[in-house]
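Trainee: Input: one structure, supplied below.
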Amino acid sequence: MHPVLIQIGPLTLHSYGFMIAVGFLLGMFLASREARLQNEDPERIMDLCFYLVLIGALASRVPYVIFNWHEFAGNPLDILKIWKGGLVFYGGFIGALGVFAYFVKKYSMEAWKTIDILAPSVALGHAFGRIGCFCAGCCYGRPTDLPWAVTFTNQQCLAPLNTPLHPTQLYSSLGLFCIFGFLFFIVRPRKTFHGQVFWIYILVYAIFRFCIEFLRGDDRGAYFLGLLSPSQTAAVVLVALAVVFLLKLRKRKIA
């Protein structure tokens, strides 16, 4: 694929970073529009989006660095090179939740209503981010002989070269676009309580991610009980949490 989108002299625009930026801008626009429709301050939502992305990006790097410290021990500055991949969604998700909790408390925002406004935007931004993964060659799949297998040949790619692989990045992107459409066009107009859009997003994405993990070919870290990857273990926990919160919050009907 094409890890570098444009290079002019010392100026390099990496495809991974470009797609993340596209996803962020579209997601922020969508969240701002939705806030206006929900009679919330769109500028405050945009500020929140900025900090969520900033802290989320930093936090998403932490699990990868911990599990792959041998790659950075000799040159710690490589930790900052996020265009080379190595962003873990669940790490970013936890970091972003911390920022969200602080922000809504500081400005006395209605937490569940606000997080419902953001949920479709997160799915949309994540979908574009996975396209960036595909361009960079990170988060690659297992070898396969399926007719739609992809073979990376660019020396700058992070995936194994000259080997037909499952395009797990594109599977993930397509799935996330579908999740976005489901949340935005089906769940959002029919929601009956605040928090419903967000927890349905968590439930559906966690199940989807659990399944995608079986096709991933990159290092998945230590397996829980020798069966589940760290991401699958997190997915199981999130499914349980989503079910509990959906059952609990459904009693709080929107007036």
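Trainee: How many residues are of a type in the set (S, T, N, Q) and surrounded by 17 or more Cβ atoms within 10 Å (Cβ to Cβ) when one looks only at the stretch 90-116? Give the steps one after another, and end with the answer.
Mentor: Of the residues in the stretch 90-116, the ones of a type in the set (S, T, N, Q) are 108, 114.
Next, from what is left, pick out any that are surrounded by 17 or more Cβ atoms within 10 Å (Cβ to Cβ): 114.
Number satisfying all stated conditions: 1.
Trainee: State which residue pairs qualify: first residue within 14 Å of Phe89 (Cβ to Cβ) and open to solvent by less than 20 Å² (accessible area, probe 1.4 Å) and inside the stretch 58-71, second residue of a type in the set (Phe, Trp, Tyr) and part of a helix (DSSP H, G or I) in any location, beta carbons under 7 Å apart, and separation of 6 or more residues or different chains.
Mentor: Ser60/Phe89
Trainee: Every residue in the stretch 26-47 that is farther than 16 Å from Phe177 by Cα, open to solvent by 40 Å² or more (accessible area, probe 1.4 Å) and either in a helix (DSSP H, G or I) or among the acidic types (Asp, Glu) (or both), please.
Mentor: Phe29, Arg33, Arg36, Leu37, Glu40, Asp41, Glu43, Arg44, Met46, Asp47
Trainee: Tell me which residues, restricted to the stretch 198-255, are free of Cβ contacts under 8 Å to residues at least 24 places away in the same chain, open to solvent by 50 Å² or more (accessible area, probe 1.4 Å) and β-branched (Val, Ile, Thr).
Mentor: Of everything in the stretch 198-255, those that are free of Cβ contacts under 8 Å to residues at least 24 places away in the same chain, open to solvent by 50 Å² or more (accessible area, probe 1.4 Å) and β-branched (Val, Ile, Thr) turn out to be Val237, Val244.
Trainee: Can we say Ala96 is modelled with pLDDT of 85 or more, of a type in the set (A, V, I, L, M, F, W, C) and part of a helix (DSSP H, G or I)? Lay out the reasoning, then the answer.
Mentor: Values: modelled with pLDDT of 85 or more: yes; of a type in the set (A, V, I, L, M, F, W, C): yes; part of a helix (DSSP H, G or I): yes.
Considered against the rule, which asks whether it is modelled with pLDDT of 85 or more, of a type in the set (A, V, I, L, M, F, W, C) and part of a helix (DSSP H, G or I), Ala96 comes out as yes.
Trainee: Does the stretch 158-179 include one or more residues that are under 26 Å from Tyr51 (Cα atoms), aromatic (Phe, Trp, Tyr) and surrounded by fewer than 21 Cβ atoms within 10 Å (Cβ to Cβ)?
Mentor: Yes: the stretch 158-179 contains one or more residues that are under 26 Å from Tyr51 (Cα atoms), aromatic (Phe, Trp, Tyr) and surrounded by fewer than 21 Cβ atoms within 10 Å (Cβ to Cβ).
Trainee: In addition: Need pairs with beta-carbon distance below 9 Å; first residue open to solvent by 40 Å² or more (accessible area, probe 1.4 Å) and within the stretch 5-24, second part of a loop (DSSP other than H, G, I, E, B); sequence gap 6+ or separate chains.
Mentor: Correct list of pairs: His14/Pro3; Ile20/Leu87.
Trainee: Further question on the same structure: Which members of the stretch 165-211 meet the condition of being within 30 Å of Thr144 (Cβ to Cβ) and small (Gly, Ala, Ser)?
Mentor: Ser172, Ser173, Gly175, Gly181, Ala206
Trainee: Sticking with this structure for a sec: Quickly run through the stretch 136-146 and pick out the residues that are touching a residue at least 40 places away in the same chain (Cβ under 8 Å) and open to solvent by 30 Å² or more (accessible area, probe 1.4 Å).
Mentor: Tyr140, Arg142, Pro143
Trainee: For the condition surrounded by fewer than 24 Cβ atoms within 10 Å (Cβ to Cβ) and under 25 Å from Ala31 (Cβ atoms), what is the one hit in Ala149, Ala127, Ala123, Ala119? Steps first, please.
Mentor: Working: Ala149 fails: under 25 Å from Ala31 (Cβ atoms); Ala123 fails: surrounded by fewer than 24 Cβ atoms within 10 Å (Cβ to Cβ); Ala119 fails: surrounded by fewer than 24 Cβ atoms within 10 Å (Cβ to Cβ).
Just a single option satisfies the conditions, and that option is Ala127.
The values are calculated or read from the model by the stated rules, or taken from the named source; none is laboratory data. Because the structure is a prediction, the values reported are computed rather than measured. Neighbour counts are summed over all protein chains in view; Cβ atoms, including those assigned to glycine, are modelled from backbone coordinates with ideal geometry. Each accessible area value is taken on the protein alone, full model and side chains, heavy atoms only, with ligands, DNA and RNA left out. Shrake-Rupley method; radii C 1.70, N 1.55, O 1.52, S 1.80 Å.
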